[in-house]
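Student: This is the structure I want to talk about, given as structure tokens.
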């Protein structure tokens with residue numbers, strides 16, 4: 001729980017654990033297997049039906065005809081992190097080998113890409129665009145599972161009344177800035193209303 005005073009208001013930022021970006025209308029499909037965690041999107045595939053990740057990849061390519069398919073790796077050490085590609089070289093010595101490993105794939109079919117963007121052809125530049133989009137999706141999901149999703153409440157200093165609450169904000173700094181933007185808008189609106197009230201009083205007199 002974090003609090004900050006700002007222009008006569010108190011902002012309180014807490015983790016929002018009620019969000020799941022995989023419930024959104026995502027471009028990519030995320031298929032994961034893990035014996036302890038439910039990761040990615042819901043699917044009917046079973047890990048015991050495959051002998052290797054190569055077999056999983058071959059199945060996806062055959063069944064879904066992906067325009068892009070990317071490997072997903074999980075880091076499980078005092079919390080969870082997920083990314084496209086290996087954690088090797090990005091973690092303290094030994095952690096990549098013992099605390100991280102492949103957990104699945106994210107992909108988008110050619111059919112869905114064409115429908116989403118109105119394309120007829122899947123060109124190299126379009127593949128690059130799709131790849132970037134999928135990497136960003138995984139980045140947002142990483143914030144979900146690592147607890148980097150927040151909500152704020154705004155109160156007047158020394159006043160328990162809550163003026164504003166908003167959740168589902170990705171990134172602590174972003175949540176804090178959005179709270180400050182809300183306070184700025186509240187103050188501006190209050191000043192405008194006071195100005196109108198004073199003008200009405202002047203006219204009445």
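Student: Of the residues 45, 18, 39, only one is surrounded by 12 or more Cβ atoms within 10 Å (Cβ to Cβ), on the phi < 0 side of the Ramachandran plot and under 22 Å from the mean Cα position of the chain (by Cα); which?
Tutor: Of the residues listed, the single one that is surrounded by 12 or more Cβ atoms within 10 Å (Cβ to Cβ), on the phi < 0 side of the Ramachandran plot and under 22 Å from the mean Cα position of the chain (by Cα) is 39.
Student: Only one of 158, 142 is under 30 Å from residue 8 (Cβ atoms) and either outside any loop (DSSP other than H, G, I, E, B) or not assigned by TED's automatic domain parsing to the domain that holds residue 43 (or both). Can you tell me which?
Tutor: Checking each option against the conditions leaves just 158.
Student: Still on this model: Looking for something at pLDDT below 95, in the same structural domain as residue 29 (by TED's automatic domain parsing) and either closer than 19 Å to residue 26 by Cα or loosely packed, with under 13 Cβ neighbours inside 10 Å (or both) - is there at least one such residue anywhere in segment 51-73?
Tutor: no
Student: Before we move on, is residue 122 more than 18 Å from the chain's Cα centre (by Cα), assigned to a loop (DSSP other than H, G, I, E, B), touching a residue at least 24 places away in the same chain (Cβ under 8 Å) and farther than 21 Å from residue 24 by Cα?
Tutor: So residue 122 fits the description; yes.
Student: Being surrounded by fewer than 16 Cβ atoms within 10 Å (Cβ to Cβ), under 25 Å from residue 127 (Cβ atoms) and in the same structural domain as residue 129 (by TED's automatic domain parsing) narrows it down to one residue among 78, 88; which is it?
Tutor: Criteria check complete, one pass: 88.
Student: Can you tell me which residue in segment 103-151 is surrounded by the most Cβ atoms within 10 Å (Cβ to Cβ), limited to those that are on the phi > 0 side of the Ramachandran plot and out of contact with any helix residue (DSSP H, G or I) (no Cβ under 8 Å at 6 or more places or on another chain)?
Tutor: Among those residues, the one meeting the criterion is 147.
A quick yes/no check of all residues on (1) over 13 Å from residue 8 (Cβ atoms); (2) in a strand (DSSP E or B); (3) modelled with pLDDT under 95; (4) within 21 Å of the chain's Cα centre (by Cα):
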| residue | (1), (2), (3), (4) |
| --- | --- |
| 138 | yes, no, no, yes |
| 163 | no, yes, yes, no |
| 169 | yes, yes, no, yes |
| 179 | yes, no, no, yes |
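The values are calculated or read from the model by the stated rules, or taken from the named source; none is laboratory data. Owing to the predicted nature of the structure, the values given are computational and were not obtained by experimental measurement. Quick reminder, even Gly has a Cβ in these numbers, built from the backbone with ideal geometry, and neighbours come from all protein chains shown.
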